1. Classify segment 13-63 as rounded, prolate or oblate from the Cα gyration tensor: take a ≥ b ≥ c as the square roots of its eigenvalues, call it rounded if a/c is under 1.5, otherwise prolate when a/b beats b/c and oblate if not.
2. Measure off 7 Å from each Cα along the Cα-to-Cβ vector at Leu31 and Val70, then give the distance between these two points in nanometres to one decimal.
3. To the nearest 0.05, how large is the calculated FRET efficiency for Arg44 and Val4 if R₀ is 25 Å and r is the Cβ-Cβ distance?
4. Using a 1.4 angstrom probe, figure out how much accessible area segment 1-61 has per residue, in square angstrom, rounded to the nearest whole.
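The values are calculated or read from the model by the stated rules, or taken from the named source; none is laboratory data. The model shown is predicted, which means the values in this text are computed figures rather than measured ones. Quick reminder, even Gly has a Cβ in these numbers, built from the backbone with ideal geometry, and neighbours come from all protein chains shown. These accessible areas exclude ligands, DNA and RNA; they are computed on the full protein's heavy atoms, side chains included. Shrake-Rupley method; radii C 1.70, N 1.55, O 1.52, S 1.80 Å.
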Amino acid sequence: MGIVGIVVVVALLYFFSFDRQNIDYKSILYLFGTEIIILFFMLRTAVGDWLLKGLSGSLNIITVSSKKGVNFVFEDLKNPQATSQFFWTFYCR
(Lines give C-alpha, C1' and ligand atoms only; values in the text may rest on other atoms or scores of the structure.)
Protein backbone atom coordinates (compact mmCIF):
# COMPACT_ATOMS: atom_id res chain seq x y z
CA MET A 1 0.00 0.00 0.00
CA GLY A 2 2.92 2.34 0.69
CA ILE A 3 4.25 1.87 -2.84
CA VAL A 4 0.86 2.89 -4.24
CA GLY A 5 0.97 6.09 -2.16
CA ILE A 6 4.45 6.92 -3.42
CA VAL A 7 3.42 6.32 -7.04
CA VAL A 8 0.32 8.51 -6.59
CA VAL A 9 2.36 11.36 -5.07
CA VAL A 10 5.00 11.19 -7.81
CA ALA A 11 2.26 11.10 -10.48
CA LEU A 12 0.56 14.16 -8.95
CA LEU A 13 3.88 16.00 -8.80
CA TYR A 14 4.54 15.14 -12.43
CA PHE A 15 1.02 16.19 -13.47
CA PHE A 16 1.26 19.59 -11.72
CA SER A 17 4.85 20.26 -12.78
CA PHE A 18 5.45 23.25 -15.07
CA ASP A 19 8.85 22.03 -16.28
CA ARG A 20 8.49 18.29 -16.91
CA GLN A 21 11.52 18.02 -19.20
CA ASN A 22 13.95 19.02 -16.43
CA ILE A 23 12.80 16.57 -13.74
CA ASP A 24 15.86 14.79 -12.36
CA TYR A 25 14.64 11.19 -12.03
CA LYS A 26 18.06 9.96 -10.91
CA SER A 27 17.91 12.14 -7.78
CA ILE A 28 14.40 10.89 -7.01
CA LEU A 29 15.61 7.27 -7.25
CA TYR A 30 18.65 8.02 -5.05
CA LEU A 31 16.44 9.62 -2.40
CA PHE A 32 13.97 6.72 -2.53
CA GLY A 33 16.83 4.22 -2.17
CA THR A 34 18.28 6.16 0.74
CA GLU A 35 14.89 6.17 2.42
CA ILE A 36 14.58 2.39 2.01
CA ILE A 37 18.04 1.87 3.54
CA ILE A 38 17.27 4.14 6.51
CA LEU A 39 13.91 2.41 7.06
CA PHE A 40 15.56 -1.01 6.95
CA PHE A 41 18.21 0.17 9.43
CA MET A 42 15.67 1.68 11.84
CA LEU A 43 13.22 -1.21 11.74
CA ARG A 44 15.46 -4.27 11.43
CA THR A 45 18.55 -3.58 13.58
CA ALA A 46 19.07 -3.41 17.33
CA VAL A 47 20.68 0.04 17.06
CA GLY A 48 17.72 1.36 15.06
CA ASP A 49 15.30 -0.11 17.59
CA TRP A 50 17.26 1.54 20.40
CA LEU A 51 17.19 4.90 18.60
CA LEU A 52 13.45 4.71 17.96
CA LYS A 53 12.75 3.80 21.59
CA GLY A 54 14.91 6.72 22.73
CA LEU A 55 13.09 9.15 20.44
CA SER A 56 9.74 7.77 21.56
CA GLY A 57 10.69 8.20 25.22
CA SER A 58 11.78 11.79 24.59
CA LEU A 59 8.50 12.60 22.87
CA ASN A 60 6.58 11.03 25.75
CA ILE A 61 8.46 13.25 28.23
CA ILE A 62 7.58 16.34 26.16
CA THR A 63 3.93 15.26 25.94
CA VAL A 64 3.62 14.68 29.69
CA SER A 65 5.32 18.00 30.47
CA SER A 66 3.10 19.94 28.08
CA LYS A 67 -0.01 18.27 29.50
CA LYS A 68 1.03 19.35 33.00
CA GLY A 69 1.50 22.90 31.77
CA VAL A 70 -1.89 22.99 30.07
CA ASN A 71 -3.54 21.58 33.18
CA PHE A 72 -1.79 24.21 35.32
CA VAL A 73 -3.14 27.05 33.22
CA PHE A 74 -6.58 25.74 32.24
CA GLU A 75 -7.54 23.31 35.04
CA ASP A 76 -9.64 25.94 36.81
CA LEU A 77 -11.89 26.25 33.77
CA LYS A 78 -13.09 22.67 34.37
CA ASN A 79 -14.04 23.46 37.96
CA PRO A 80 -16.29 26.54 38.19
CA GLN A 81 -16.03 26.61 42.02
CA ALA A 82 -12.24 26.92 41.98
CA THR A 83 -10.83 29.74 44.09
CA SER A 84 -8.13 30.90 41.67
CA GLN A 85 -8.46 31.23 37.96
CA PHE A 86 -4.92 31.56 36.66
CA PHE A 87 -5.93 31.84 33.02
CA TRP A 88 -8.57 34.54 33.49
CA THR A 89 -6.35 36.57 35.81
CA PHE A 90 -3.73 37.12 33.11
CA TYR A 91 -5.99 36.98 30.07
CA CYS A 92 -8.50 39.61 31.16
CA ARG A 93 -6.00 42.35 32.03
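1. Details: a/c = 5.81, a/b = 2.16, b/c = 2.69.
Cα axes put segment 13-63 in the oblate bin.
2. If labels sit at Leu31 and Val70, their model points lie 3.3 nm apart.
3. Details: r = 22 Å, r/R0 = 0.90.
It comes out at approximately 0.65.
4. Details: 5580 Å² over 61 residues.
Here the residues of segment 1-61 average 92 Å² of exposed surface.
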